[in-house]
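See below for the structure under consideration.
The values are calculated or read from the model by the stated rules, or taken from the named source; none is laboratory data. Keep in mind the model is a prediction, meaning the values are calculated, not measured. Counting neighbours? That spans all protein chains shown, and the Cβs are built from the backbone with ideal geometry, glycine included.
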Number of protein chains: 2
Amino acid sequence: MADPQTSRARDVVIAGRRVLEQDGPDALTMRRVAGELGIRAPSLYKHVPHKSALETAIIVDGFEEAAAAFEAAVEGEDDHLAAFVVAYRAFATAHPHVYRLMTQGPLPREHLPPGLEARTAAPLLHAMGSAPRARAAWAFIHGMKVLELDARFPADDSTEPAWREGIAALRALSQPSDRPGHLRRTTPSSPGD
Amino acid sequence: MADPQTSRARDVVIAGRRVLEQDGPDALTMRRVAGELGIRAPSLYKHVPHKSALETAIIVDGFEEAAAAFEAAVEGEDDHLAAFVVAYRAFATAHPHVYRLMTQGPLPREHLPPGLEARTAAPLLHAMGSAPRARAAWAFIHGMKVLELDARFPADDSTEPAWREGIAALRALSQPSDRPGHLRRTTPSSPGD
DNA sequence: GTCTATAGTGGGATAGAC
DNA sequence: GTCTATCCCACTATAGAC
């Protein structure tokens with residue numbers, strides 16, 4: 001991937017993402033991506049060293065988008081957790097295949113721009129106030145989303161009650177118990193506010 | 001798969017599972033499974049209609065094992081949630097590739113023995129007291145486990161604090177606040193004690 | 001030098017004839 | 001059970017066009 005910013009490499013990544021988003025991971029083949037660009041599969045290797053580099057580039061784009069979306073969602077809100085969850089769900093729902101590629105399997109951290117992963121996680125870390133709480137929150141949110149995407153809950157009823165229960169539980173984590181009416185605005189504030 | 005109980009079909013499934021557990025999903029090829037049995041790949045098709053049927057059979061075996069393990073773990077314990085989490089983590093840790101196959105991607109429900117999915121979920125449903133709470137709990141537990149398996153949390157520190165935070169939050173869900181310790185202990189405790 | 005093509009390797013799932 | 005054959009895949013080597 002000579003110059004990922006301009007040139008042809010960029011086109012390859014964009015075509016790859018389009019294929020992935022539209023037709024899913026099985027459709028993401030070098031032949032198919034090449035076809036989108038009107039060239040042959042082997043020609044792609046002049047721009048991208050191998051298929052997994054193409055996938056990594058799609059992942060990086062996804063993280064950059066997600067990070068920006070999460071930052072924007074949280075800004076100016078007083079209920080950071082709720083705002084984050086809404087934005088997270090929206091991103092995963094809008095780009096399910098990209099979301100899965102981003103979150104499933106090992107992360108090629110060596111090939112990610114430094115700080116990108118942390119930047120993406122920052123809004124949730126801030127909302128939850130500590131790394132262990134943020135991890136627990138991420139596990140819940142990711143678990144819900146991924147089980148939802150895979151239709152792992154019985155299809156006939158809504159998952160909203162489960163989201164509500166889980167979010168309520170997470171909120172209790174960041175708010176010591178004996179605090180009554182804790183809804184959006186009375187929050188005891190997370191450490192960073 | 002003529003007679004999954006006896007016959008050769010059973011051998012195929014067992015060989016498939018062995019390959020999957022030992023060398024992961026990429027190693028689970030028809031050639032490799034055939035090799036384990038000392039035959040050629042096309043011969044497998046006398047016993048298994050296609051590869052995905054083999055995968056489904058491995059999934060079914062996994063669910064049956066998991067259901068039995070969860071039932072046994074919970075029996076006689078008064079802290080059902082803690083006991084379930086311990087057993088769930090143990091199963092996923094012992095069989096990571098099978099666990100992923102079981103939980104990732106769509107479930108071929110039409111080919112599962114009726115009631116098996118519900119049976120597997122029953123101990124957690126019982127521990128949490130309602131379907132939405134059980135779903136929230138499953139999302140957290142599955143999310144934690146899968147992120148852990150994929151090394152998605154920074155590798156340098158333990159995930160135990162996150163497990164503890166999440167379990168504490170779940171416990172609060174099933175114990176309305178002003179209800180003093182109706183379990184063994186009132187403190188949010190780690191899954192292992 | 002840059003972008004492409006053809007041709008070929010080796011590995012997959014799977015159908016069909018024996 | 002076998003073998004052959006088809007088709008899809010990632011990837012490589014090499015070489016021609018601009």
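Here are a few things to note about the model shown:
- Residue in the stretch B:83-114 that is nearest to the other protein chains (Cβ to nearest Cβ), counting only those that are of a type in the set (Ser, Thr, Tyr) and over 19 Å from B:ASP26 (Cβ atoms): B:TYR88
- The residues of the stretch A:33-67 that are within 14 Å of A:ALA15 (Cβ to Cβ), part of a helix (DSSP H, G or I) and within 13 Å of DNA strand C (Cβ to nearest atom), listed by number, are A:VAL33, A:ALA34, A:GLY35, A:GLU36, A:LEU37, A:ALA41, A:SER43, A:LEU44, A:LYS51.
- Answer residue from the stretch A:22-34, given it is away from chain B (no Cβ under 14 Å), surrounded by fewer than 16 Cβ atoms within 10 Å (Cβ to Cβ) and closer than 19 Å to A:ALA53 by Cβ and is farthest from DNA strand D (Cβ to nearest atom) among those: A:ALA27
- Hey, A:SER190 more than 19 Å from A:HIS97 (Cα to Cα), at pLDDT below 95 and at the interface with another protein chain (Cβ under 7 Å from one of its Cβ atoms) or not: no
- Looking across B:VAL19, B:VAL60, B:VAL48, B:VAL13, one residue alone is under 25 Å from the mean Cα position of the chain (by Cα), at pLDDT 95 or above and farther than 23 Å from B:ALA92 by Cα. It is B:VAL48.
- In the stretch A:44-58, the residues that are near DNA strand D (Cβ under 8 Å from one of its atoms) and either within 14 Å of another protein chain (Cβ to nearest Cβ) or among the hydroxyl-bearing types (Ser, Thr, Tyr) (or both): A:TYR45, A:LYS51, A:SER52
- Filter result for A:ALA82 (among the small types (Gly, Ala, Ser), away from DNA strand D (no atom under 16 Å from the Cβ) and assigned to a helix (DSSP H, G or I)): yes
- Residues that are more than 20 Å from B:ASP78 (Cβ to Cβ) and either of a type in the set (D, E, K, R) or surrounded by fewer than 23 Cβ atoms within 10 Å (Cβ to Cβ) (or both), drawn from the stretch B:121-136: B:ALA121, B:ALA131, B:PRO132, B:ARG135
- Tally of residues being within 8 Å of chain B (Cβ to nearest Cβ), of a type in the set (A, V, I, L, M, F, W, C) and either surrounded by 22 or more Cβ atoms within 10 Å (Cβ to Cβ) or within 20 Å of the chain's Cα centre (by Cα) (or both) across the stretch A:138-172: 12
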